[in-house]
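The values are calculated or read from the model by the stated rules, or taken from the named source; none is laboratory data. Please read all numbers here as calculations on a predicted model, not as lab measurements. With ideal geometry, Cβ positions are generated from the backbone for all residues, glycine too; neighbour counts draw on all protein chains shown.
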Amino acid sequence: MPDRVYNTLDGLQVVLEEETWLKHIQSRHSEVTELEVAEALQDPARICSHTSRQSRRIYQGQPRATGFFRGSFPLIVVALIDAYNGRVVTAYLERLPYRGQQLWPPLTGS
Amino acid sequence: MASSDRLLELDYDERGDVLYASLGAPQAALSYEIMEDVLLRYVPPNREVIGVTILNFSEHYPVPEEASLLSMAKSVVEELLRRYPLVPEPMEEDKDMPDEQESLRSVTIRKNPASYLLVATTTAGCTATVSATYDFRGPLLISNPIIQVGQAITKDDSR
């Protein structure tokens with residue numbers, strides 16, 4: 001599998017490197033599919049900043065409607081290389097929303 | 001505990017600075033962020049922790065020499081597994097919530113990490129603003145004594 005590059009909703013080009021995917025994510029977090037990674041980056045349900053690191057961004061995908069992990073959703077951790085580029089660090093499934101500051105969709109005031 | 005019979009397998013992604021650890025061969029699982037960058041791995045409905053993933057590992061656990069990273073990683077993971085043999089209790093998301101509790105799902109989280117201001121919408125369309133304290137290790141606590149997680153908010157309970 002060659003490196004894959006995805007255009008994210010918030011304007012980044014994020015690369016999923018072959019070694020990261022095959023050697024680490026797919027072998028250690030096999031519950032995440034490549035399709036989920038792609039969809040979470042390109043059409044996320046939420047985008048959050050890392051709870052403390054400005055150089056990280058988290059893309060939350062849509063929840064799974066079926067299957068053994070129904071109701072969970074993929075979280076893709078992206079390392080920001082610069083203002084326009086990033087690299088997938090890891091990905092996993094969670095059932096609780098990520099606690100970082102939500103960047104998208106924008107929070108509405110009340 | 002059965003987990004003590006399984007060997008700890010470690011994998012360190014140096015480029016991403018991610019440590020992956022599993023008891024025995026890695027398997028598909030859900031993750032639970034017990035603290036920043038520390039994920040406990042489990043296969044519901046069983047709450048037993050079967051692995052740990054740590055992001056930004058070298059920043060959280062700096063080592064003086066690269067050669068000792070895996071030995072430190074082993075110690076770190078073993079301590080985490082000792083401290084957290086099970087994921088915290090409120091792993092009830094796989095249970096269907098009664099319809100009257102659906103309104104409590106419509107919350108907007110305003111602030112984090114220590115406290116959240118929640119706006120909960122009732123089924124009747126009324127809104128109630130409550131203060132809550134979120135303990136990452138436990139359930140979401142609602143400081144308002146009237147409104148509790150899982151309790152349907154009626155018009156009389158709103159403020």
Q.
Every residue in region A:50-65 that is in contact (Cβ under 8 Å) with a residue 40 or more places away in the chain and either over 22 Å from residue B:35 (Cα atoms) or surrounded by fewer than 21 Cβ atoms within 10 Å (Cβ to Cβ) (or both), please.
A. A:51
**Q.** Cross-chain or 6+ apart pairs with Cβ under 7 Å, region B:17-32 first and over 21 Å from residue A:64 (Cα atoms), then part of a loop (DSSP other than H, G, I, E, B) and among the basic types (Lys, Arg)
**A.** B:23/B:6; B:24/B:6
Q | Yes/no for residue B:39 being at pLDDT 90 or above, more than 14 Å from chain A (Cβ to nearest Cβ) and either under 22 Å from residue A:27 (Cβ atoms) or outside any strand (DSSP E or B) (or both) | A | no
Q: Look at residue A:88 and say whether it is over 21 Å from residue B:34 (Cβ atoms), buried (at least 21 other Cβ atoms within 10 Å of the Cβ) and either of a type outside the set (Ser, Thr, Tyr) or more than 8 Å from chain B (Cβ to nearest Cβ) (or both).
A: yes
Q: Go through the residues of region A:66-85 one by one and say whether even a single one is free of Cβ contacts under 8 Å to residues at least 12 places away in the same chain, away from chain B (no Cβ under 13 Å) and within 21 Å of residue B:59 (Cβ to Cβ).
A: yes
**Q.** Residue list for region A:2-49, restricted to those being farther than 22 Å from residue B:27 by Cα, assigned to a strand (DSSP E or B) and touching a residue at least 12 places away in the same chain (Cβ under 8 Å)
**A.** A:4, A:6, A:7, A:13, A:14, A:15, A:46, A:47, A:48, A:49
Q) For region A:56-110, list the strands (runs of 3 or more DSSP E) that sit wholly inside it and hold at least 3 residues that are of a type in the set (A, V, I, L, M), under 11 Å from the mean Cα position of the chain (by Cα) and modelled with pLDDT of 90 or more; which are they? A) A:73-80, A:85-94
(Q) Out of B:77, B:49, B:63, I need the residue that is away from every other protein chain (no Cβ under 11 Å) and at pLDDT below 95. Which one? (A) B:63
